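The values are calculated or read from the model by the stated rules, or taken from the named source; none is laboratory data. Quick caveat, the model's predicted, so the values are computed rather than measured. Backbone-built Cβ (ideal geometry, glycine too); neighbour counts: all protein chains shown.
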Amino acid sequence: MPSLKELSKREERLSRGHRLCPGCGASVIVRQILLAAEDPVVLSCATGCLEVATTIYPYTAWKTPFIHCAFENSSATLSGVETAYRSLKKQDKIDKTIKFIAFGGDGGTYDIGLQALSGVLERGHNLLYVCYDNQAYMNTGIQRSSASPCGAATTTSPVGKVITEGKQEERKDLTEIVVAHGTPYVAQASPAFYNDLMKKVQKALSTEGPSFMNILSPCPRGWRYSDSQSIEIARLAVLTGVWPLYEVENGKYRITYRPRKKRRPLIDWIKSQGRFKHLLREENKAILDKLERSVRQREEKLLALAGEKGEAL
Amino acid sequence: MKEKGWKDIPLGGLILEAGNAERYKTGSWRTFRPIWDEEVCIQCLRCWIYCPDNSIVVREEKMVDINYDYCKGCGICSTECPVEAIKMMEEGECLAKKREGE
Amino acid sequence: MKKIVALTGDEVAAEAMRQINPDVVAAYPITPQTEIVQKFSEFVADGKVLTEMVRVESEHSAMSACVGATAAGARAMTATSANGLALMWEVCYIAASCRLPIVMVVVNRALSAPINIHCDHSDSMGTRDSGWIQLYSENCQEIYDNLIQAVKIAEDKNTLLPVMVTLDGFIISHAMERVELLGDKRVSDFIGKYENPHSLLDMENPVTYGPLDLFDYYFEHKRQQVEAMEKAVEAIRKVGKEFGELSARAYDLIEGYQLDDADFVTIALGSTAGTIKVVVDELREEGVKAGLLKIRAFRPFPAQEIIQALRKSKAVAVLDRSASFGAQGGPVFLEVRSALFQEEKKPPIVNYIYGLGGRDIGVKDIRGVYENLQRIAETQRLPDTIGYLGVRE
């Protein structure tokens, strides 16, 4: 992996002047991915914050070919582009190497886009799908998605007088759903750990067939914290075990970072964001415990799958 | 950009000028401005890799400036700097100081 | 080398696709389209086409993949029916708005519920506002001819709109008819190569497809589409003439059968036109000046051509094979009557909804229509309600 100094000499394919919020995790993620990708890339993007804020007509922040089709079909649309590339290459009408990256938020990937993603994974298209997971339908106003953690306050799972917990359901483990497809390369990443993220991007892009990365994308608006904390929160998620950094290569699990001494308690994660504020109340102890339990259980399962020892990451 | 009629724009909503979003200066969004102390800076470039708006100006592997045309003042650079070389100051105050100096 | 074969509508559609040899086909099965995709899959498996097939997991993904492929400079085709078309509805609008020349076969079938696999036009009529050019085929020869022309019409530089070519489900799709095929090379020479000047694979000129339009630009982009539909009239006519030079079968937006001096005219789309031709011949022998106006291109709607064709008629019946619930008649009737509204001299015009869910329409029913037209012309009185041909009261 090149050093930051070497990377700083590379062309930035997301221009300045995009209108993502100050401190938006997604913009950092996209920058890091495009810096890591060494080949020319064609991108697709689902409807959502990233797409809307970067392509307000007549402006586009993309310095690389880009297509937005609809909300649930970023993967299907790009699979058409990738197929066209294979077809034209087969007919000797194209000879350059081009890589394909589909973007989607958790909305367009976990929920409405799950079917199309599953189809693309099963068909084995040669593309990387990146889910920038900000854990709610942020662009339409912070509504809950199946990626929202239990206990999160969202606009469709608000903290009320009768339902005081916020979202009652546990979040879906999409990374594992993708692994279950037999996808050759699957990884979770965080923009706070840029080396880890960029290495994974390079591995994904050099994999033959489909690859998938689920990247935690902190959202100052939706998660209710000050803009300047986005990277710190992306770091805390990893240090508290909420968002483990791992990869699955042809079914083999590997945890790519274990916090060890830097480990932080879950309560630090809860306290860092306004969307969990109500969990500090006594009446909500049950849901806080549920969240803690689910984080613990996933960690244990991951440790076992990776053949590692110890109780916590 | 003066708005064009339907006969003068590309068909199908296509945007043919790659990266022309740079015409839109997001620096006007700021309420806080990062102030960089070059003396204290250790040139680790963490602010550069974490900046959502690519507004840390790096030339020949060294940070040289902050691009105030686009910097939205989120403060990530200041938070992430390991040596506190970047401090956030109120934009209003900075502009007032600049005007005083002129 | 001209070849005469006996093929069903689905089979001949697949044959046309084989000769067109698109770079990408993305399709999902649905009765009665299934034979098209199955037959085409055999061509792929036997190496008879260069096509890369995407066996998508839904029709929504089928159209999405076609959008991606054409945006990337490849020729892409798909096929569907009924609820499959309904499922891809939002992407159909996107395909037309992005000006992508996708060609799709729609094997006309009724929309659910209740679920019905037989022929009516509710599916393609449901997408009449989507911005797609729509060509209706009467028989197996026409589906073959229309598909080949569709590629050229779609890719015409002044059009750049996707084209939907229909054929009646089961009635044509599964019926074997005599068809004249053109030679492979004649077809490929006729359609030429697809060039997308703004391809996603052009790394030197990166393009953005599908941006966010606010209220300051959306209207202009839609106005461009209106213009494209108007230009499509010329493209359809031009390509129809060129095809005539190639095959000795020329095409236009409408087809008149014994229409020039007809007093009593029925307007219809699809296979029913064939049945009407039989009745027209019979009536002519009996001394009745009956005629048929078959609409081939429903979008763009050939208003001028229809006004011209009906200028001498005494009474007109429009047969709609789909209902538009809550409207003042079926979709074809509404357009025809609207086209005639401004004319000084316009014939009395009535509407019949027929054939929904595959309800058969025969010679007797059509004779009844012409008898009614004669009565209307005589009495100059229109019936109060729309007629429903063949429904049990």
Given (1) at the interface with chain B (Cβ under 10 Å from one of its Cβ atoms); (2) of a type in the set (Lys, Arg); (3) crowded, with 24+ Cβ neighbours inside 10 Å, A:LYS200 misses just (1)
Does region C:279-292 include one or more residues that are outside the structural domain of C:ILE236 (by TED's automatic domain parsing), touching a Gly at 6+ places or on another chain (Cβ under 6 Å) and charged (D, E, K, R)? no
Region A:15-31, residues that are under 13 Å from B:ASN54 (Cα atoms) and either out of contact with any Leu (no Cβ under 8 Å at 6 or more places or on another chain) or within 7 Å of another protein chain (Cβ to nearest Cβ) (or both): A:SER15, A:ARG16, A:GLY17, A:HIS18, A:ARG19, A:LEU20, A:PRO22, A:GLY23, A:CYS24, A:SER27, A:VAL28, A:ARG31
The helices (runs of 4 or more DSSP H) lying entirely within region A:205-313 that contain at least 1 residues which are acidic (Asp, Glu) and either more than 30 Å from A:LEU34 (Cα to Cα) or in contact with a helix residue (DSSP H, G or I) (Cβ under 9 Å, 6 or more places away or on another chain) (or both) are A:230-239, A:266-271, A:285-305
Which residues, taken from region A:87-110, are among the hydroxyl-bearing types (Ser, Thr, Tyr) and at the interface with chain C (Cβ under 7 Å from one of its Cβ atoms)? A:SER87
List the residue pairs whose Cβ atoms are under 6 Å apart, where the first residue sits in region C:298-312 and is surrounded by fewer than 19 Cβ atoms within 10 Å (Cβ to Cβ), the second is among the aliphatic types (A, V, I, L, M), and the two are 6 or more positions apart or on different chains. C:ALA303/C:ALA339; C:ILE307/C:ALA339
Which residues, taken from region C:93-122, are crowded, with 24+ Cβ neighbours inside 10 Å, among the aliphatic types (A, V, I, L, M) and closer than 16 Å to C:THR31 by Cβ? C:VAL105, C:VAL106, C:VAL107, C:ALA110
Taking only pairs six or more apart or across chains, which ones have beta-carbon atoms under 6 Å, a first residue in region C:11-31 that is within 12 Å of C:ALA74 (Cβ to Cβ) and not assigned by TED's automatic domain parsing to the domain that holds C:GLY84, and a second residue that is modelled with pLDDT under 95 and part of a loop (DSSP other than H, G, I, E, B)? none
Looking only at region A:129-151, count how many residues are surrounded by fewer than 24 Cβ atoms within 10 Å (Cβ to Cβ) and not in a loop (DSSP other than H, G, I, E, B). 1
Residue satisfying all of: in region B:26-42; surrounded by 15 or more Cβ atoms within 10 Å (Cβ to Cβ) and free of Cβ contacts under 8 Å to residues at least 60 places away in the same chain; farthest from A:LEU35 (Cα to Cα) among these: B:PHE32
For C:CYS140: the one exception among (1) surrounded by fewer than 24 Cβ atoms within 10 Å (Cβ to Cβ); (2) touching a strand residue (DSSP E or B) at 6+ places or on another chain (Cβ under 6 Å); (3) over 14 Å from C:GLN33 (Cβ atoms): (1)
Which number in (1) over 20 Å from C:ALA16 (Cβ atoms); (2) assigned to a loop (DSSP other than H, G, I, E, B); (3) touching a residue at least 40 places away in the same chain (Cβ under 8 Å) marks the one condition that C:MET125 misses? (2)
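Rundown of residues vs (1) surrounded by 22 or more Cβ atoms within 10 Å (Cβ to Cβ); (2) within 7 Å of chain A (Cβ to nearest Cβ); (3) in a helix (DSSP H, G or I), yes/no style:
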| site | (1), (2), (3) |
| --- | --- |
| C:TYR28 | yes, no, no |
| C:GLU42 | no, no, yes |
| C:MET53 | no, no, no |
| C:GLU57 | no, yes, no |
| C:SER61 | yes, yes, yes |
| C:ALA65 | yes, yes, yes |
| C:THR70 | yes, no, yes |
| C:GLY73 | yes, yes, no |
Selection count, region A:1-51, where residues are within 20 Å of the chain's Cα centre (by Cα), at positive phi and surrounded by fewer than 24 Cβ atoms within 10 Å (Cβ to Cβ): 0
Restrict the check to region B:64-83 and report whether at least one residue is more than 22 Å from A:CYS24 (Cβ to Cβ), touching a residue at least 12 places away in the same chain (Cβ under 8 Å) and either surrounded by 16 or more Cβ atoms within 10 Å (Cβ to Cβ) or at the interface with chain A (Cβ under 7 Å from one of its Cβ atoms) (or both). no
Among the residues of region A:44-66, write down those that are part of a strand (DSSP E or B), under 17 Å from C:ALA71 (Cα atoms) and within 12 Å of chain B (Cβ to nearest Cβ). A:TRP62, A:PHE66
If we scan region C:260-279, do we find a residue that is within 14 Å of another protein chain (Cβ to nearest Cβ) and of a type in the set (Val, Ile, Thr)? no
Scan region A:151-176 for residues that are within 18 Å of the chain's Cα centre (by Cα), farther than 16 Å from A:GLY105 by Cβ and in contact (Cβ under 8 Å) with a residue 40 or more places away in the chain and jot them down. A:GLU170, A:ASP173
Given A:ALA70, A:ALA84, A:ALA76, which one is out of contact with any Leu (no Cβ under 8 Å at 6 or more places or on another chain), within 7 Å of another protein chain (Cβ to nearest Cβ) and part of a helix (DSSP H, G or I)? A:ALA76
Somewhere in region B:85-101, is a residue at the interface with another protein chain (Cβ under 8 Å from one of its Cβ atoms) and outside any strand (DSSP E or B)? no
